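Participant: The following block contains the structure, expressed as structure tokens.
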Amino acid sequence: MSAHLLAGADASAVTAPALTTLSRQRHAAQRVVGKSAGVRGRSIIGRMLVGLPASTWLVLDLCVLSVSLWFAYRLFPPPDLLATPHLELWQATAVFACVLVVAGFVFGLYERETIMSRSRIVTRLLLTVAAAGVMAYAVVYVLLYATVSRRMTGVTMSIFLVTGASIRLVVWWAIHVVHRGLLVVGPRCLYESFARAKDNGDLHEYRLVGYASAGCEDGEADDARAHLGPITQQLARLGQLMVTDIVVGARAARDPHVMDWMVPCLQRGCRVTNEAIFYEKATGQILVDEITPQWFLFADLKVHCDRQATLKRAGDLLVASVLFLLTLPIWPIIAIAVKLCDWGPVFYSQDRVGQNGQVFKLYKFRTMRTDAENGKSVWASPDDPRVTAVGRVLRRTRLDELPQTYNVLMGQMSIIGPRPERPDIVEELSAKLPYYTERHLIKPGITGWAQISFRYGSSIEDAKRKLEYDLYYLKNMSFELDLVILFRTLGTFVRGAH
């Protein structure tokens, strides 16, 4: 009996820790399942928000507009005695709703890509509200021979702008909280390039699932964590891995078997793109290493469009004139500060390469010592020791660029465009970077897409990154993009440049 008791005691002693370990494993498994279910639930919500049709946003905007008008009429009721009839509430609702819908479609407010970017949300809403206000007054005064209160219109549009922007920004936040599953089809080096882009913050809305090798490539299965195996084995795992986007490498895209595999992925709701298009949409850059001379043929560049050039020149003259007049009072203060710093010259001029390779004199407030270069071009850096104390403040606030308004008025530069470089640096970069000279198809700018998207360039690699941003602007230049750049430049001025 004692033997049986000893055996039972030993079994109990062994079983208790085992049960504890088993319980912990069960709880861990439940937490993993619960986390997976939560991620899957957020993913479903994210897809629903991204896939909201234009009609949903249209109905929502009309509801917000109707409530805003009702509140404005209650706050500022129309007077009884007027020479011309004042619009009734239902008439105002009809007029403002029609012009809002038209303006919204003109400026792309209801396009899917709008909700994916904060800058697009704010810019397109501002353009829509401004255009709708102008069109509403034109319809009311010219066609209806009526009147409408300016205070009422201001309150209505202000409420609509704040409410519409708030709703869209909340949806933007909800979409980007849910990281979209990204599967890379191609070699490991392609996956690693996307991993580096994510580390740099360019792909913050995506979760890298891994990469699948195509038939035209070797497996490169030495990285067991990221390599998922051949592409032919991944179709059944798309749901399990929660893949929403698939990027196909350039080599893999030439394999007909890979393209046959992509059709069922599209049928399962995955978005399939090649690496160049995906990279352009996700990061605002053009992959220099992936484009060919044919890219310029199919990019539909607007650099030689007369209408585009005329509008851009008119905008340059307007913005440069206003900027010059508004900042003119602080020019003497800046000049005195620069002079007292080291008693050197106030202004600094330098040869730069402009449109079509033409060299011009660029003017700035001097921010470096007088012996900074001694006739030899040297790369600038954020913490350059050659920069004076006053120059550091001017560079941080971008006030050193103000004299370039003269270059804009003279037609040598634009407000927005690629940053002009010195002739010897252009010669060096043109020899080392493909398509570098193509950035000179348009006028250089005081600010630009590369300037607001990337830091000071201090190496060949930095110049390559900036070129990718410049090519993106070259392809997508538009009035809307220029407004985005101006707003972000203003934000840089307020916060201080990094």
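Participant: Could you figure out which of (1) of a type outside the set (A, V, I, L, M, F, W, C); (2) under 28 Å from the mean Cα position of the chain (by Cα); (3) over 14 Å from ASP470 (Cα atoms) isn't true of PRO434?
Facilitator: Every listed condition holds for PRO434 apart from (3).
Participant: Read through the list (1) modelled with pLDDT of 80 or more; (2) out of contact with any strand residue (DSSP E or B) (no Cβ under 7 Å at 6 or more places or on another chain), then give the number of the only condition that VAL272 fails.
Facilitator: (2)
Participant: Note down all Cβ pairs under 6 Å where the first residue falls in the range 248-259 and is in the same structural domain as CYS189 (by TED's automatic domain parsing), the second is at pLDDT 75 or above and among the polar types (S, T, N, Q), and they're at least six residues apart or on different chains.
Facilitator: Close Cβ pairs satisfying both conditions: VAL248/ASN274; ALA253/ASN274.
Participant: For the range 418-439, check the following and say yes or no: at least one residue is among the hydrophobic types (A, V, I, L, M, F, W, C), crowded, with 21+ Cβ neighbours inside 10 Å and farther than 13 Å from ARG352 by Cβ.
Facilitator: Looking for residues that are among the hydrophobic types (A, V, I, L, M, F, W, C), crowded, with 21+ Cβ neighbours inside 10 Å and farther than 13 Å from ARG352 by Cβ, one finds none in the range 418-439, hence no.
Participant: Still on this structure, please answer the following. How about the range 241-261: which of its residues are at pLDDT 80 or above and farther than 22 Å from ALA197 by Cβ?
Facilitator: Residue satisfying the conditions is TRP261 alone.
Participant: Just a yes or no: is a residue in the range 308-331 acidic (Asp, Glu), in the same structural domain as PRO444 (by TED's automatic domain parsing), outside any loop (DSSP other than H, G, I, E, B) and surrounded by 16 or more Cβ atoms within 10 Å (Cβ to Cβ)?
Facilitator: Kept after step one, since they are acidic (Asp, Glu), are these residues of the range 308-331: 316.
Adding the requirement that they be in the same structural domain as PRO444 (by TED's automatic domain parsing) leaves 316.
With the extra rule that they be outside any loop (DSSP other than H, G, I, E, B), the set shrinks to 316.
From what is left, the residues that are surrounded by 16 or more Cβ atoms within 10 Å (Cβ to Cβ) are 316.
Yes, the range 308-331 contains a residue that is acidic (Asp, Glu), in the same structural domain as PRO444 (by TED's automatic domain parsing), outside any loop (DSSP other than H, G, I, E, B) and surrounded by 16 or more Cβ atoms within 10 Å (Cβ to Cβ).
Participant: Could you tell me whether any residue of the range 100-120 is more than 30 Å from GLY284 (Cα to Cα), in a helix (DSSP H, G or I) and modelled with pLDDT of 85 or more?
Facilitator: Going through the range 100-120, the residues more than 30 Å from GLY284 (Cα to Cα) turn out to be none.
The answer is no; no qualifying residue exists.
Residue-wise test of (1) closer than 25 Å to GLN294 by Cα; (2) part of a loop (DSSP other than H, G, I, E, B); (3) modelled with pLDDT under 85.
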site: ARG396; (1), (2), (3): no, no, yes
site: PRO418; (1), (2), (3): yes, yes, no
site: ASP424; (1), (2), (3): no, no, no
site: ILE452; (1), (2), (3): no, no, yes
site: ALA463; (1), (2), (3): yes, no, no
site: GLU468; (1), (2), (3): yes, no, no
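Participant: Given the options LEU490, LEU429, name the one that is more than 14 Å from the chain's Cα centre (by Cα) and either within 22 Å of ALA309 (Cα to Cα) or at pLDDT below 90 (or both). I'd like the intermediate steps shown before the answer.
Facilitator: On the way: LEU429 fails: either within 22 Å of ALA309 (Cα to Cα) or at pLDDT below 90 (or both).
Result of the check over LEU490, LEU429: LEU490.
Participant: Could you list, in sequence order, the residues of the range 382-394 that are at pLDDT 75 or above and of a type outside the set (Ser, Thr, Tyr)? Break it down stepwise before answering.
Facilitator: Just the residues of the range 382-394 that are at pLDDT 75 or above, to begin with: 385-394.
Matches in the range 382-394: PRO385, ARG386, VAL387, ALA389, VAL390, GLY391, ARG392, VAL393, LEU394.
Participant: If the Cβ limit is 8 Å and pairs must be 6+ apart or interchain, which residue in the range 183-195 that is farther than 16 Å from VAL258 by Cβ pairs with which residue that is at pLDDT 85 or above and buried (at least 24 other Cβ atoms within 10 Å of the Cβ)?
Facilitator: The qualifying pairs are ARG188/TYR211; PHE194/LEU182; PHE194/VAL184; PHE194/VAL247.
Participant: Confirm whether THR84 is hydroxyl-bearing (Ser, Thr, Tyr), at pLDDT 65 or above and farther than 29 Å from VAL170 by Cβ. Talk me through it step by step, then tell me what you get.
Facilitator: Numbers: hydroxyl-bearing (Ser, Thr, Tyr): yes; at pLDDT 65 or above: yes; farther than 29 Å from VAL170 by Cβ: yes.
Spelling it out, THR84 is indeed hydroxyl-bearing (Ser, Thr, Tyr), at pLDDT 65 or above and farther than 29 Å from VAL170 by Cβ.
Participant: Now for a different question. For the structure I just gave you, tell me whether VAL288 is touching a Pro at 6+ places or on another chain (Cβ under 8 Å), surrounded by 15 or more Cβ atoms within 10 Å (Cβ to Cβ) and either at positive phi or of a type in the set (Val, Ile, Thr) (or both). Break it down stepwise before answering.
Facilitator: Values: touching a Pro at 6+ places or on another chain (Cβ under 8 Å): yes; surrounded by 15 or more Cβ atoms within 10 Å (Cβ to Cβ): yes; either at positive phi or of a type in the set (Val, Ile, Thr) (or both): yes.
Judged against the criteria, VAL288 is a match.
Participant: From the list ALA92, ALA174, ALA131, pick out the single residue that is crowded, with 18+ Cβ neighbours inside 10 Å and either on the phi > 0 side of the Ramachandran plot or touching a residue at least 24 places away in the same chain (Cβ under 8 Å) (or both). Walk me through how you get there before you give the answer.
Facilitator: Details: ALA174 fails: crowded, with 18+ Cβ neighbours inside 10 Å; ALA131 fails: crowded, with 18+ Cβ neighbours inside 10 Å.
Checking each option against the conditions leaves just ALA92.
Participant: Let me ask you something else. Which residues, counting only those in the range 134-154, are assigned to a helix (DSSP H, G or I) and surrounded by 19 or more Cβ atoms within 10 Å (Cβ to Cβ)?
Facilitator: ALA136, VAL140, MET152, THR153 - these are the residues of the range 134-154 that are assigned to a helix (DSSP H, G or I) and surrounded by 19 or more Cβ atoms within 10 Å (Cβ to Cβ).
Participant: Right, here's the next one. May I ask you to list the residues in the range 240-256 that are surrounded by fewer than 18 Cβ atoms within 10 Å (Cβ to Cβ) and either more than 20 Å from GLY210 (Cβ to Cβ) or in contact with a Phe, Trp or Tyr (Cβ under 8 Å, 6 or more places away or on another chain) (or both)?
Facilitator: ARG254, PRO256
Participant: Take the residues in the range 357-381 that are exposed (fewer than 13 other Cβ atoms within 10 Å of the Cβ) and at pLDDT below 90, then tell me which one is nearest to the chain's Cα centre (by Cα).
Facilitator: Taking the candidates together, the pick is LYS376.
The values are calculated or read from the model by the stated rules, or taken from the named source; none is laboratory data. Predicted model, so just to flag it, every value in this text is computed and none were measured. Note that we place each Cβ from the backbone using ideal geometry, even for glycine, and neighbour counts take in every protein chain shown.
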